Amino acid sequence: MTLFTKMILRIGVIAGVLPAVLCGCKATGDETARAAGQPPFTSAVAAAPPQTGDDAPPPEKTGGFDGKRALANVAKQVSFGPHPSGSKAIAQVQDYLLSELKSYGCTAETDSFVADTPVGRLSMKNILVKIPGEKPGIILLGTHYDTLLMDNFVGAYDAGSSTAVMLELAGLLCPQKGKYAVWIVFFDGEEAMKHWSETDSRYGSRQMAARLSSSGDIKRIKAFLLADIVGVRTARFLRESTSTPALVDLVWSTAAKLGYTALFLNDSSSAEDDHDPFLKRGVPSVDVIGDFVNNGYWHTPQDALDKISAKTLAITGHVFLESVKQLQAK
């Protein structure tokens, strides 16, 4: 049976799913087609990009999260052009991320490794921010920052948007010290080099989960909140069905309390993503991922800055901030 046939059998021949099948992707399961003031840091990003007509609410309305600054961070990533794992451009993105994090006062460490892929051995680098806490326990936040290996693919949506959210969260959280430590990880190598599979995808998250398992730190993780492809203007977030139900409930109930039920829907979908290596090791995890199958431009060169909304970035960041507060209170 060919990989193409296997993917169709796994995903189901449902209207709207075929584009995801053709590109080899994260989507699985037969439900997929349904599928206070300014923050205390200054971004190193020079100029904000043009807004998309739906400007973000002011930071005082979103717990301090600045959607316009997050959009500027997406624009900066896009300016490097396509940056798949192992490319010269992704090295520039890595330097940019580390420079931004340093400017926020964050302590970041890197984990460089070499991955065997269908296109050869590639150098990759995970970036991990560690914010200490008062008691044992870690709240882990994450995103990937590599783009799909495709000509003219700059990945504003996948995954410039979620990377920008995590940068803004780092700027807000690094000066704080909560009950539990907060770690923020930027994964390299989420995208498949040729065809999405257990061995050709999620290189960085598999590396990080194995590393934390070896060190024993993985047992300290109370929750892992992953963001992926989150910033589009027409965002719809569905409950990811392989995620830990209690964490899904926490995030979705937080979104409801904040008044974001128009974006955070109660329909369900299934996605293979960077939370999988952690779920397999018993880490409670939730994947906050947009309904990418039905937007018409996921994994195409049309995934560009004009699709991204400062408002959606602000809403997503607000939900993550408040979810972290809920976890810190437990």
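The values are calculated or read from the model by the stated rules, or taken from the named source; none is laboratory data. Fair warning: this is a prediction, and the values are worked out from it, not measured in the lab. In this analysis, Cβ positions are derived from the backbone assuming ideal geometry, glycine residues included, and neighbour counts consider all displayed protein chains. To get the accessible areas, we keep the full protein, side chains included, count just its heavy atoms, and leave off ligands, DNA and RNA. Shrake-Rupley method; radii C 1.70, N 1.55, O 1.52, S 1.80 Å.
One line per residue, one yes/no per condition, for (1) at pLDDT 95 or above; (2) open to solvent by less than 10 Å² (accessible area, probe 1.4 Å); (3) among the basic types (K, R); (4) within 19 Å of M166 (Cβ to Cβ):
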| site | (1), (2), (3), (4) |
| --- | --- |
| D228 | yes, yes, no, yes |
| G231 | no, yes, no, yes |
| T234 | no, no, no, no |
| F237 | yes, yes, no, yes |
| S241 | yes, no, no, no |
| G259 | yes, no, no, no |
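Scanning segment 278-314 for residues that are assigned to a helix (DSSP H, G or I) and open to solvent by less than 10 Å² (accessible area, probe 1.4 Å) gives F278, A310, T312, L313, A314. Candidates in segment 243-257 are the residues that are out of contact with any strand residue (DSSP E or B) (no Cβ under 8 Å at 6 or more places or on another chain) and surrounded by fewer than 16 Cβ atoms within 10 Å (Cβ to Cβ); of these, the one that is nearest to K280 (Cα to Cα) is P245. Can you pull out every residue in segment 80-109 that is surrounded by 14 or more Cβ atoms within 10 Å (Cβ to Cβ), more than 17 Å from the chain's Cα centre (by Cα) and of a type in the set (S, T, N, Q)? The answer is S87, Q92, S103.
Residues in segment 212-223 that are out of contact with any Ser or Thr (no Cβ under 9 Å at 6 or more places or on another chain), part of a helix (DSSP H, G or I) and either open to solvent by 80 Å² or more (accessible area, probe 1.4 Å) or of a type in the set (A, V, I, L, M) (or both): L212, S214, I218, R220.
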